[in-house]
Amino acid sequence: MKCSNAYGLSFTFLDNGSIRCIDMDPIRISLKPASLFSYAGSNIYLRKNKPSRGFIPLLGPRSNSSFCTDDNQFIAKGEWEGIGYECSLRISEKSCSWRWNIALLNHSKEPVELDLILVQDVGLKSITSGLINEYYVSQYLERRI
């Protein structure tokens, strides 16, 4: 599964819902590409703080999600401990940027305290080059919440 725009920004996903890599031709934004046999370096976690503690990844094989692409966006849907969620990735058609949209719905009868945690590996290297020295990784990306 792949989502991309005219500027060369692309997200490639594995069939299990993990982010394989993020590229901005000719630069790979991800530190290293994920495989079906490795744990992905990028994910979004839904964390419950009250009434009990716990968390779940929204992407990848350890999530409760089903995955699809529609209209050049990636969508993960699922439910966890009475919380329904829909997580979608949209790549801008006007710039080299992307946005995660996450909708949560509490199906339980009790109030819950939740937060979201984004984990993103950053490598900034040439797509065609080999492995990168992880101790020499530049992280000069603008992030807006």
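Read-outs throughout are calculated quantities, based only on the coordinates presented, and are distinct from any laboratory measurement. No experiment lies behind these values; they were computed from the predicted model shown. Note that each Cβ is placed from the backbone with ideal geometry, even for glycine, and that neighbours are counted across all protein chains shown.
Note: the chain, Cα convex hull, 124 Å³ per residue. Under 14 Å from the Cβ of Glu93, count the other residues' Cβ atoms, weight Lys and Arg +1, Asp and Glu -1, and hand me the total. Once all neighbours under 14 Å are counted, the net charge is +2.
Of the trypsin sites (Lys or Arg not before Pro) found in segment 1-96, those that fall in a DSSP loop while having at most 12 other beta-carbon atoms within 10 Å are Arg53, Lys94. Residues of segment 1-31 with an amide N closer than 14 Å to a point placed 7 Å from the Cα of Thr128 along the Cα-to-Cβ direction: 25-28. Applying the criteria of a DSSP loop state and at most 12 other Cβ atoms within 10 Å to the chymotrypsin sites (Phe, Trp or Tyr not before Pro) of segment 22-79 yields Phe37, Tyr39. Pairs over the 22 Å Cα-Cα cut-off, from the set Lys32/Lys77; Lys48/Lys77; Lys2/Lys48; Lys2/Lys32; Lys48/Lys109: Lys32/Lys77; Lys2/Lys48.
Could you please report the charge total around Leu104, scoring K, R as +1 and D, E as -1 over all other residues with beta-carbon less than 15 angstrom from its beta-carbon? Intermediate results must be reported in sequence, preceding the final value.
Values: positive: Arg47, Lys48, Lys50, Lys77; negative: Glu79, Glu81, Glu86, Glu110, Glu113, Asp115.
After counting each charged neighbour, the total is -2.
Each of the GluC sites (Glu not before Pro) that DSSP puts in a loop and that has at most 14 other Cβ atoms within 10 Å breaks the chain; the longest unbroken stretch is 1-80. Taking one quarter of the surface of the convex hull spanned by the alpha-carbon atoms of segment 64-120 gives a direction-averaged projected area of 4.9 nm². Electrostatic tally near Glu113: other residues with Cβ closer than 14 Å to its Cβ, Lys and Arg +1, Asp and Glu -1, net +1. When only the Cβ of Lys, Arg, Asp and Glu is charged (+1, +1, -1, -1), the dipole of the chain relative to its Cα centre reaches about 240 debye. Taking Thr12, Thr128, Thr69 as the candidate residues, the one with maximal mean-square fluctuation in a Gaussian network model of the chain, Cα springs under 10 Å, is Thr128.
Here the simple spin-label model places points 7 Å from the Cα toward Cβ, and for Glu93 and Glu79 these points are separated by 3.4 nm.
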